[in-house]
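**Student:** Below are the structure tokens for one structure; questions will follow.
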Amino acid sequence: MIRQLIRTRRRQVLIDISTQKDLFLADGSACIGNHRRVLAHIRRIIAWARHGNIPIISTCEVYANNNGGDALNYCIDGTDGQQKIHYTLLKERVSFAADGSTDLPRDIFRRYRQVILHKRCTDPFDEPRIDRLLTELWASEFILIGASAEGAVKSAALGLLHRGKNVTVVVDAVGSHDKKAAKMAFRKMKAKGAKLIEAKKLAGTTHLRHVGICNCESCRRRGKESLQIDSDN
């Protein structure tokens, strides 16, 4: 059982969902809407978790290359777009492939601060290893960020709630492709018992404008504005 790995009576765990280049960069194959704003909040939450020694469980989508067939055309195995955004990675981390296994070390959170689990599907609970970890792990609160609201984030939140977990979704650190579907997803998560908050309630306010990875015009412009403000001060 993994629930013994987190012994503190009140301990938070951050669930970082699909924070990958294809989903969060403007030139990615499936970039979310308003990516700059969402990335800024994700960067802030990751920094908060790092500073507070909060364990991070990251799920990453990975799909086989079907050479132009009908399968999904983003987060293809071996491509740069499948890689995680660099500031969502901690030094003390371990990664597991999506191989159908349920094997996990008992002392995993004593040895690592971040566990990265790959998945070949939208719902993380369809992967046996992720299902085992999230089902058996005890924590006072599971905090969700990433993408997409109407897809993997909703599936993760509802799966955790179904298993009796306390779930908090940081809504402005969650991206989506369809605003209407995202609003319905947030409504459903809340109706099932999830708490919806903004990043500033969890990690305080931030003046970050430069997301530090995307080179699109919007992100470059915001970065220049931020640097100008800093120089004026």
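The values are calculated or read from the model by the stated rules, or taken from the named source; none is laboratory data. Bear in mind the structure is a predicted one, so any value in this text is a computation, not a measurement. Virtual Cβ from ideal backbone geometry, glycine too; neighbours counted across all protein chains shown.
**Student:** Of (1) in contact with a Lys or Arg (Cβ under 8 Å, 6 or more places away or on another chain); (2) surrounded by 20 or more Cβ atoms within 10 Å (Cβ to Cβ); (3) β-branched (V, I, T), T135 satisfies all except one. Which?
**Tutor:** Answer for T135: the failing condition is (2).
**Student:** With respect to I116, is the statement that it is within 20 Å of I197 (Cβ to Cβ) and either touching a Phe, Trp or Tyr at 6+ places or on another chain (Cβ under 6 Å) or surrounded by fewer than 21 Cβ atoms within 10 Å (Cβ to Cβ) (or both) true?
**Tutor:** Spelling it out, it is not the case that I116 is within 20 Å of I197 (Cβ to Cβ) and either touching a Phe, Trp or Tyr at 6+ places or on another chain (Cβ under 6 Å) or surrounded by fewer than 21 Cβ atoms within 10 Å (Cβ to Cβ) (or both).
**Student:** Considering segment 126-153 alone, what residues qualify as being closer than 25 Å to N65 by Cβ and not polar (S, T, N, Q)?
**Tutor:** Result: D126, E127, P128, R129, I130, G146, A147, G151, A152.
**Student:** Within segment 1-33, how many residues are in a helix (DSSP H, G or I) and at pLDDT below 95?
**Tutor:** 3
**Student:** Taking A157, is it modelled with pLDDT of 95 or more, among the hydrophobic types (A, V, I, L, M, F, W, C) and either loosely packed, with under 15 Cβ neighbours inside 10 Å or closer than 18 Å to I85 by Cα (or both)? Full working, then the answer.
**Tutor:** Numbers: modelled with pLDDT of 95 or more: yes; among the hydrophobic types (A, V, I, L, M, F, W, C): yes; either loosely packed, with under 15 Cβ neighbours inside 10 Å or closer than 18 Å to I85 by Cα (or both): no.
So A157 fails the test.
**Student:** For segment 212-221, indicate whether the set of residues that are modelled with pLDDT of 80 or more and in contact with a Phe, Trp or Tyr (Cβ under 9 Å, 6 or more places away or on another chain) is non-empty.
**Tutor:** Yes: segment 212-221 contains one or more residues that are modelled with pLDDT of 80 or more and in contact with a Phe, Trp or Tyr (Cβ under 9 Å, 6 or more places away or on another chain).
**Student:** Quick one: E136 ticks every box in (1) more than 25 Å from F109 (Cα to Cα); (2) at pLDDT 90 or above except a single one, so which number is it?
**Tutor:** Of the numbered conditions (1) more than 25 Å from F109 (Cα to Cα); (2) at pLDDT 90 or above, the odd one out for E136 is (1).
**Student:** Looking at I145, I108, can you tell me which residue is within 20 Å of V62 (Cβ to Cβ) and touching a strand residue (DSSP E or B) at 6+ places or on another chain (Cβ under 7 Å)?
**Tutor:** Only one candidate passes the filter, namely I145.
**Student:** What is the residue count in segment 140-149 for residues that are of a type outside the set (A, V, I, L, M) and surrounded by 23 or more Cβ atoms within 10 Å (Cβ to Cβ)?
**Tutor:** Counting residues in segment 140-149 that are of a type outside the set (A, V, I, L, M) and surrounded by 23 or more Cβ atoms within 10 Å (Cβ to Cβ) gives 3.
**Student:** Just a yes or no: is a residue in segment 34-41 within 21 Å of I145 (Cβ to Cβ), touching a residue at least 60 places away in the same chain (Cβ under 8 Å) and outside any helix (DSSP H, G or I)?
**Tutor:** Yes: one or more hits.
**Student:** Looking only at segment 39-55, decide whether some residue is over 19 Å from H177 (Cβ atoms), among the basic types (K, R), out of contact with any Pro (no Cβ under 9 Å at 6 or more places or on another chain) and surrounded by 20 or more Cβ atoms within 10 Å (Cβ to Cβ).
**Tutor:** There is at least one residue in segment 39-55 that is over 19 Å from H177 (Cβ atoms), among the basic types (K, R), out of contact with any Pro (no Cβ under 9 Å at 6 or more places or on another chain) and surrounded by 20 or more Cβ atoms within 10 Å (Cβ to Cβ).
**Student:** Has segment 168-180 got any residue that is surrounded by 15 or more Cβ atoms within 10 Å (Cβ to Cβ), over 20 Å from C31 (Cβ atoms) and under 15 Å from the mean Cα position of the chain (by Cα)?
**Tutor:** Scanning segment 168-180 turns up at least one residue that is surrounded by 15 or more Cβ atoms within 10 Å (Cβ to Cβ), over 20 Å from C31 (Cβ atoms) and under 15 Å from the mean Cα position of the chain (by Cα).
**Student:** May I pose another question? Given the conditions (1) farther than 19 Å from F142 by Cα; (2) in contact with a helix residue (DSSP H, G or I) (Cβ under 7 Å, 6 or more places away or on another chain); (3) not small (G, A, S), and given that I56 satisfies all but one, which numbered condition is not satisfied?
**Tutor:** (1)
**Student:** Sticking with this one: Looking only at residues in segment 80-97 that are touching a helix residue (DSSP H, G or I) at 6+ places or on another chain (Cβ under 8 Å) and without any contact (Cβ under 8 Å) to a residue 40 or more places away in the chain, which one is surrounded by the fewest Cβ atoms within 10 Å (Cβ to Cβ)?
**Tutor:** This residue is E92.
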